[in-house]
Amino acid sequence: MSMKTIGHSPAWLRLDQQKVVGIVLLVVIGVLVLGPIAVLLRSSVAPPNTMPLETLGITFGSFVAIFQHPATPTIIGNTLLYAAGSVGFGVIIATWIAWLTERTDIPGKALIRVLMFAWMAVPPLVIGFGWILLINPGNGVLNVLARELFGVQGALFTIYSFWSLIMITAFAVVPTAFVMIAGLLRNMDPQMESAGKVLGGSGFAVARRITLPLLTPGLFSIGIYMGMAVVQAFDLPLIIGLTAKIPVMSTRVFLLSVPDNGIPDYALSSAFGVVLLAIALLLMWAYFRAIRSGERFRTVTGRGFRPKPTALGPLRWPAFGTAMLYFMIMALPLLMLAWTSLFPFYRLPSMESLPLASLDNYHRVLDSALVQRALVNTVLLVVLSASLVMLLSSLVAWFSVRGGGRFGRALDVLSFAPTAVPPVVMAMAILILYIKTPLYGTVWVLIIGHLTIYIAFGTRTMTSALIQLHKELGDAALVSGASWATSLRRIILPLVWPQVANGWLWVAAHSARDLTIPLVLMTTNNVVIASVVYTMWDFPDVPGAAAVSFLLVVALLIVVVPVQLLASRASTRGGG
Amino acid sequence: MLTVRNLTKTYPARHDSAAVRALRGVSFDIADGDFFALLGPSGCGKTTMLQCIAGLEVPDSGEITMADDAVYASARGLNVPANRRQLGMVFQSYAIWPHMTVFDNVAFPLAHGAQKIGKAEIDERVRRVLDLVKLGAFADRLAPHLSGGQQQRVALARALVHEPRLLLLDEPLSNLDAKLRDAMRIELRQLVKSLGITTLFVTHDQVEAMGMSDKLALMRDGVIVQQGTPHDIYMRPETAFAADFMGRSNLIPGRVSGSDGMLSVETSIGTIRCPAPAEGLPEGILVIRPQAIRLHGPSIDGLNCFAGRVERISFLGDVVEGEVRVGAGSVKVVIDPYRLLAMNQEITVELPPERCVLVPAEGGTTT
């Protein structure tokens, strides 16, 4: 063979694009993730009433103050009770509906799946506002109806109670729990249940004696995972819990760092943040323990077996009704918001009011400079956060899956670490870190926040995508003479494109609905839709807040639902 | 063409497995235009070796030279990345890119490789190589719509289109069904030899290795046990492992006596005479291929002739395998399918001395 001439490039350039990109990536992720965590730890031991980064003093006074304060046990107790209660109810509802759709011949399965995915897109903030309109003790619609129809004295329900907070959160966690439990059921070997049936068990006996016990380890780990999410949750405790005087840790951290009046106490709020972080870490450890012991119970076998669904007979439609009941409960607050947005002043739903309905509120809010600025900011925030998250995650995933070694593992661990940090704590740490920089008060600080929070999800998505991609596909490009960048651009990226798009959508939807980061880091310049809704509600401009909320929900549904429809059609076709 | 010297590679211990010494000082040479096979059981290090040559894996130490260009030399800290080694490679999974047509797959090394080539020339060269592998009519088809054999041809065309210095084949036949594999074995060798491309071929199948290669190296536990022509290694194995791996054989341990020319080996089936190997051995293993054993009627005397009784017969069609009890042991034999032998029939087995090979008792550890 004759020697071919190769294009020559300078030696330093040849010294690996790959290495250079890897080092830049490590630095970026390190700053994004370790920066806030370091600041949080530093601030928690700073003297009170100082800017934590402008002093060298170290004191554990804040921790002492927290544990001596009489309210602390209540707050921690509230947090745990809140998480346990709402996850408990949420998982029970989700398991029931998941079992119906995966294992019985209930009608309308596709409808149930799509509705569940659609609900995941609805911001909890908006649901919370809807519930306040429905069941506040004064003029909540359901309470007024109860008074008029049944002559109930006082209020039938009250939004401002621990029960309401728990139940509303429980309804809100159902869609996520449903998706996880449905996956669990789908991966379970149906032969175990078939054996039960062949040996004479009735449908319900099999469900109770075989399906449920087999599911228990999986349900347990899903429960812990959801618990982790609820402990970190911020928006519902903020809008319902504060008025109801049910402080939990996340709202405590928020009030200390962004107080309504007075000076923020960063030292105390950081110390609270560290305690909350410790609880989240404990739950995460429990979660990993649970999935590891769950592995032993794994009953996944070859695909392709589809269990024969349990015939519900005459109970089919009543069973379908129970699932629809859940969706109706979920739809009520949205309908209430839609109604409220149509009138200049809040009025009870009635036929007489209907002719007065108008779109004036929508014209008004869309004309407002604040909302316009928020719209621009939101588009910037959502598009940039989602794109940057997916770019960074794809690279991190490549290095951790293909690069191997300590370097890849370091990137993997770094990008997973934010999972344990509650967003409100992360937001506060970012606030302390960036408050003296020009980034503070711009959309960029919000983007940094969302990058840090969502990088873990993006990395999980892309890691599992790359693991499924045969290593030789990329190797073949390299051996063919293509550079590393070309192999990523021409081979790897086109092949994992669906997962990239899916991850992008997820991050975009969450970035649009997130209230934590925008609220903690809010200035007059960097308002986004979520923070505008909250401010208008607080002002109060309830009809305006309702109108903007409704627009946000519609926008999210327009983006998310068609993709889910496509995905669910593809998965039914694929037999999975 | 390719020179490999003292290559070592150890995969460090992980939390769930001990360290693996995949290569422990491997050296070999491939002459220009040769079809060379690396043969060995799974885990012997042959795939690691191939990955190191391709540049997809970095060895710990040693040297790899291609056509007088060093591509890896630990002493100088030199490691040329895979995309600058000017190689062609057919992967075990074929690694056909499913989002591209056959044409785009094959054009990739020309369009995105180190050479800068115009569109017209790319077109011309891709057509030519597709015709060569008889896939000219499939250029616009999407890769997933191809059969296994067609995918293998695409992979081959892609590996050849940029006229690589060295062609690497990683178990290219293992994903084909048995019939197609037989056909492709001959076709692949003919094609590569007609182009004169030096080829390194990795396989765990000794039939493929023998049928296709000019020379082969047998690997085990990260070292080369024996190398030479297929005929050499089959006929003159140096270890019991080599004998056993290259095909069915009788391995009969025994004590050695005598010297000069003919030795006597005391075994469970009797005293067997055989030619002396290079080094003197007090004990050893006699290697006798089942095909080497002659079968005669009962009560025949002669050198290395033993009385036996047929103990087992398996009729496989093109051959009949049998087992004959001789003395306190037994030997596997191949019987002519047209010869009718009954169970328990008394016969004589003859082990011709020139077909008996004595190897050291501990197989595989000598190099």
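The values are calculated or read from the model by the stated rules, or taken from the named source; none is laboratory data. All of these numbers come straight from a predicted model, not from anything done at the bench. Here the Cβ positions follow ideal geometry from the backbone for every residue, glycine too, while neighbour counts run over all protein chains shown.
Here are a few things to note about the model shown:
- Residue check, A:PRO355 over 30 Å from A:LEU521 (Cβ atoms) and either within 26 Å of the chain's Cα centre (by Cα) or in contact (Cβ under 8 Å) with a residue 12 or more places away in the chain (or both): no
- Selection count where residues are β-branched (Val, Ile, Thr) and in a loop (DSSP other than H, G, I, E, B), scope the range B:40-63: 1
- Residues of the range A:487-500 that turn out to be within 27 Å of the chain's Cα centre (by Cα) and touching a residue at least 60 places away in the same chain (Cβ under 8 Å), as a count: 3
- In the range A:449-473, the qualifying residues are those that are touching a Pro at 6+ places or on another chain (Cβ under 9 Å) and aliphatic (A, V, I, L, M), and the one that is nearest to the other protein chains (Cβ to nearest Cβ) is A:LEU473.
- Meeting the requirement of 3 or more residues that are within 30 Å of B:ILE30 (Cβ to Cβ) and of a type in the set (Val, Ile, Thr), the strands (runs of 3 or more DSSP E) wholly within the range B:218-326 are B:223-228.
- The range B:126-160, residues that are away from every other protein chain (no Cβ under 14 Å), surrounded by 15 or more Cβ atoms within 10 Å (Cβ to Cβ) and not charged (D, E, K, R): B:LEU130, B:LEU132, B:VAL133, B:LEU135, B:PHE138, B:ALA139, B:LEU146, B:GLY149, B:GLN150
- Selection status of B:ARG185, within 13 Å of chain A (Cβ to nearest Cβ) and closer than 21 Å to B:ALA37 by Cα: no
- Test: residue in the range A:484-497 that is more than 10 Å from every other protein chain (Cβ to nearest Cβ), among the charged types (D, E, K, R) and not in a loop (DSSP other than H, G, I, E, B): no
- Subset of the range B:161-173 (residues that are away from chain A (no Cβ under 11 Å) and either at pLDDT 90 or above or more than 22 Å from B:ASP32 (Cβ to Cβ) (or both)): B:LEU169, B:GLU171, B:LEU173
- Qualifying residues in the range B:99-118 (those that are in a loop (DSSP other than H, G, I, E, B) and facing chain A (nearest Cβ under 7 Å)) - the one modelled with the highest pLDDT: B:HIS99
Every residue, every condition in (1) out of contact with any Phe, Trp or Tyr (no Cβ under 7 Å at 6 or more places or on another chain); (2) at pLDDT 90 or above; (3) at positive phi; (4) among the hydrophobic types (A, V, I, L, M, F, W, C), yes or no:
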residue	(1), (2), (3), (4)
A:GLN372	yes, yes, no, no
A:VAL383	yes, yes, no, yes
A:LEU388	yes, yes, no, yes
A:GLY403	yes, no, no, no
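- Of all residues in the range B:39-96, those satisfying the criterion of being more than 22 Å from B:LYS215 (Cα to Cα), facing chain A (nearest Cβ under 9 Å) and in contact with a helix residue (DSSP H, G or I) (Cβ under 9 Å, 6 or more places away or on another chain) are B:GLY55, B:LEU56, B:PRO81, B:ALA82, B:ASN83, B:ARG84, B:ARG85, B:SER93, B:TYR94, B:ALA95, B:ILE96.
- No other residue among A:LEU505, A:LEU451, A:LEU488, A:LEU473 is modelled with pLDDT of 90 or more and farther than 30 Å from B:LEU110 by Cα apart from A:LEU451.
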